[in-house]
Amino acid sequence: MTISLAHLADTDHRFTRKANDLRVRVLELDDAGERGHLLVFGDIADGCLVRIHSRCLYGEVLGSEDCDCGPELDVALDRIQAARSGILVYLEQEGRGAGLIAKARGYRHSELCRTDSFTSYRELGYPIDARTYTVAARGLLGLGLRSVTLLTNNPAKVEALEAANLTVVVAPLITPVRSERARAYLEAKRVHRGHTIPSTELPWLALPETPALPISRSVRPLPSREFVAVSTIAMLLVLLAVVGQTGIAAVGAIVAVAVASGWALRKRPHVTRTVTAFPATLFPLPPPQPRNDQKIQAPEEALDHC
């Protein structure tokens, strides 16, 4: 499959998100049962940002806090917009390729049997992850790309692109963990599918390709009103010394030094720092610790089938 961007000109339009505009072109993907769309933002080139994303109705549309799908898509689009170019490969792979009904059944089974969704899929007779990324790789190759920066924590996506002879630089996605169920799901993805989970709670290391943001510091001297007061006292002391009142001038100097020292200690210089932003090193999440009040009381007849 070879795709000329000129052939996508009839889909070229302005895309506005979070008050930022970017041109986008759209290509439909339909190959051997794998369906989705490829969205080209801005002017792409080798090494551009790419996000391969599987549809998740709950996370993206309904705002579910039980998974990280919505936040991952949001962060990926933020980075593409910041770079002014990139590609979103959006695949119709609801429920890890098993569909929305299977996903709902998996959720119910997990609630009743206190299992993670991968174990639930297996016990219900579904593949734990039926997704493939061949159509995504073919689409990227068709655009003439030979290397990409892949926004992912999923090693299966990296392997699929590398198997298609694409050079891949992995850029991990850091998203907030919004609930204990989401934390448990992230841990299950790490255990069952080998996902790498970035953590904002541990030290970060910069990738060679990503320059660190500079640390800016601004130091503020004594406030102007205090400077004026000290200057006024100093002038009065000089005047007293000139007219011969040296004793009074000495006492005044001591008082002035004490006042100035008090101000200096109370009004320390204000330092503003911009935290250096680095891509995260990859760390496993700690095992989830559900609270007692969140345990699900399953009917005895349901537990018989777990």
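Here are some notes:
- Looking only at residues of the range 125-139 that are of a type outside the set (Val, Ile, Thr) and in a loop (DSSP other than H, G, I, E, B), we find that the one that is farthest from Ile52 (Cα to Cα) is Gly125.
- Residue among Leu145, Leu166 that is out of contact with any Ser or Thr (no Cβ under 8 Å at 6 or more places or on another chain) and at pLDDT 95 or above: Leu145
- Those strands (runs of 3 or more DSSP E) of the range 1-101 in which 1 or more residues are open to solvent by 30 Å² or more (accessible area, probe 1.4 Å) and touching a strand residue (DSSP E or B) at 6+ places or on another chain (Cβ under 6 Å) occupy 13-17, 20-31, 34-42, 85-91.
- Gly36 vs. criteria within 23 Å of Val177 (Cα to Cα) and not basic (Lys, Arg): no
- Ser117 vs. criteria surrounded by 15 or more Cβ atoms within 10 Å (Cβ to Cβ), of a type in the set (Ser, Thr, Tyr) and at pLDDT 95 or above: no
- Number of positions in the range 73-92 that are in contact with a Cys (Cβ under 9 Å, 6 or more places away or on another chain) and touching a residue at least 24 places away in the same chain (Cβ under 8 Å): 5
- Within the range 144-164, the residues that satisfy the criterion of being outside any loop (DSSP other than H, G, I, E, B) and either touching a residue at least 60 places away in the same chain (Cβ under 8 Å) or crowded, with 22+ Cβ neighbours inside 10 Å (or both) are Ser147, Val148, Thr149, Leu150, Leu151, Lys157, Leu161.
The values are calculated or read from the model by the stated rules, or taken from the named source; none is laboratory data. Computed from a prediction, not measured in an experiment: that's the story for all the values here. Note that each Cβ is placed from the backbone with ideal geometry, even for glycine, and that neighbours are counted across all protein chains shown. Note: accessible area is taken over every heavy atom of the protein model, side chains too, but ligands, DNA and RNA are not part of it. Shrake-Rupley method; radii C 1.70, N 1.55, O 1.52, S 1.80 Å.
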